[in-house]
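One structure is given here, and the rest of the page talks about it.
The values are calculated or read from the model by the stated rules, or taken from the named source; none is laboratory data. Given the structure is predicted, the values throughout are model-derived calculations rather than measurements. Quick reminder, even Gly has a Cβ in these numbers, built from the backbone with ideal geometry, and neighbours come from all protein chains shown.
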Amino acid sequence: MSDGLQFNEETARKVEALYLTPDVVAQRGRVLRALKLRQGERVLDIGSGPGLLASEMAALVGRNGRVCGIDISEDMLTMSKKRCADQPWTEFKNSDATHLPYPDDSFDAAVSTQVYEYIADIRQ
């Protein structure tokens, strides 16, 4: 994460509001179309933020699928868990993009949007 940005409840609310704007909603739609998710697939959302994309992916993969989100912000994770409370095939963990808490080959797809600017060493 960059040194200048601190994720807290206020920042999480601001990010969520931004992610609900028409431009970002349209971006999420493009990401979902590109992923071409099917029922039963397992997806990793790296930097899941407030859980908007994770919730939409969970609707596509259904109860036989799995959506796992990771984020470094506990406040974002709280939002994600609340948003996806009626989708028990979702889970959210506190982790960063350079230390994934899952073994290799755990997912059919992985996605990361609006995250790279927060990663100190992108090559890692």
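Observations, loosely collected:
- The set of residues in region 61-82 that are modelled with pLDDT of 95 or more and either in contact with a helix residue (DSSP H, G or I) (Cβ under 7 Å, 6 or more places away or on another chain) or among the basic types (Lys, Arg) (or both) comprises Arg63, Arg66, Val67, Gly69, Ser80, Lys81, Lys82.
- Answer residue from region 30-50, given it is of a type outside the set (Ser, Thr, Tyr) and at pLDDT below 95 and is surrounded by the most Cβ atoms within 10 Å (Cβ to Cβ) among those: Pro50
- Checked against the criterion of being more than 21 Å from Asn8 (Cβ to Cβ), touching a Gly at 6+ places or on another chain (Cβ under 6 Å) and either aromatic (Phe, Trp, Tyr) or surrounded by 12 or more Cβ atoms within 10 Å (Cβ to Cβ) (or both), region 66-75 has no qualifying residue.
- Residue list for region 76-112, filter: crowded, with 16+ Cβ neighbours inside 10 Å, among the acidic types (Asp, Glu) and closer than 24 Å to Lys36 by Cα: Asp108
- Only a single item in (1) surrounded by 16 or more Cβ atoms within 10 Å (Cβ to Cβ); (2) modelled with pLDDT under 95 is not met by Met57, and it is number (2).
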